[in-house]
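What follows is a set of notes on a single structure, which appears directly below.
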């Protein structure tokens, strides 16, 4: 049986846009760019000397901005960092915890260390969505246990840090094992399809599109973005196009008589493909009117 987290009627975010926490002038602009979620970053995008300023900037914006058109997440510093204690104390000072939809926990590695942090965060904001980022060899080795932590609602792949950790190339082949394992761990823990890592290319949207389609083909359901220009390419890649939706509609019309084995477009369609067709239609309805036109 699928968990309540997985079967929620709330559409799952597809595009997550990072914004450095020490650049508060970009926060509202990031929302206006149209992501499903923004991630106000306290970790890698912020120099150690600017952490305090980043916290102040995020706090001021959160308290002055009651409503936005997307989800709001904060990426804290890693569990192994001494800065996390400062982050947690700072969260306690925020006047409106309900304005934070979720937390990204980077460099998730040790379930025993991660679980009490998750528990602590849920005490602060019980409705919080907590996303663990797998971005080291140790984290990948423990990914099944991390996915099973009560309160973790989704996994993400930190591909750039992962390549640094194991000293591999940033290529699909080098990341394949890690991506597959993160997808499988998410499924076995009844979590939603995980979030793929960033594509460094900003100006070459063809690369963003290619990376997004590849991640989707492996079972990922979303992607981290580092620039507003990437959002449309990501959104289009992870949603069904008009050809897929037309096929899904033909399948569902063909099985309306009650048969689970029919011929559609000259090919045999049985129950797994019927369920796939229904999933495409459900996804399109959840994200309407975002559904893309014909694939590029």
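Bear in mind these aren't lab numbers, they're just calculated from the coordinates by the rules spelled out. These figures come from a predicted structure and were not determined experimentally. Every residue, glycine as well, gets a Cβ built from its backbone with ideal geometry; the counts of neighbours run over all protein chains shown.
Observations on the model:
- Here the spin labels are modelled as points 7 Å beyond Cα on the Cα-Cβ line, and at residue 96 and residue 229 they lie 3.3 nm apart.
- Kirkwood Rh, Cα atoms: Rg over Rh of segment 242-287: 0.96
- Dimensionless Rg over Rh [segment 187-296; C-alpha; Kirkwood]: 1.03
- Helix 242-254 axis, angle to the chain major axis (alpha carbon atoms, nearest 10°): 50 degrees
- Kirkwood hydrodynamic radius of segment 15-238, Cα pairs, Å: 17.4 Å
- Linear extension gain, residue 166 paired with residue 259, 0.36 nm per residue minus alpha-carbon span: 28.5 nm
- The modelled label-to-label distance for the pair residue 181/residue 207, using points 7 Å beyond Cα in the direction of Cβ, is 2.7 nm.
- Sites residue 64 and residue 214 - FRET efficiency at Förster radius 35 Å, r taken between beta-carbons, to 0.05: 0.30
- Computed over segment 15-238, relative contact order equals 17 percent, with contacts defined as Cα pairs under 8 Å that lie 6+ residues apart.
- Among beta bridges from DSSP that stay inside the chain, the antiparallel ones total about 10%.
- Ranked by how many other beta carbons lie within 10 Å on average, peptides 273-285, 40-52, 186-198 from highest: 186-198, 40-52, 273-285
- Full-stretch length increase - residue 89, residue 285 - with 0.36 nm per residue and alpha-carbon distance subtracted: 66.5 nm
- A crude spin-label estimate for the pair residue 252 and residue 50, with each label 7 Å from Cα along the Cβ direction, gives 4.7 nm.
- Choice from 82, 20, 35 with maximal GNM fluctuation in the chain (Cα, 10 Å cutoff): 82
- Residues considered: 201, 222, 137. Largest GNM mean-square fluctuation over the chain, using C-alpha springs under 10 Å, is found at 201.
- Largest GNM mean-square fluctuation among 143, 207, 251, using the chain with Cα springs under 10 Å: 251.
- Net length gained if the chain between residue 110 and residue 148 were fully extended (0.36 nm per residue, minus Cα distance): 12.5 nm
- Overall form of segment 4-76 per C-alpha gyration tensor (a/c, 1.5; a/b vs b/c): prolate
- The calculated 222 nm mean residue ellipticity attributable to helices in the chain amounts to -13500 deg cm²/dmol, summing -39500 (n - 2.57) over DSSP H runs of n ≥ 4 and dividing by all residues.
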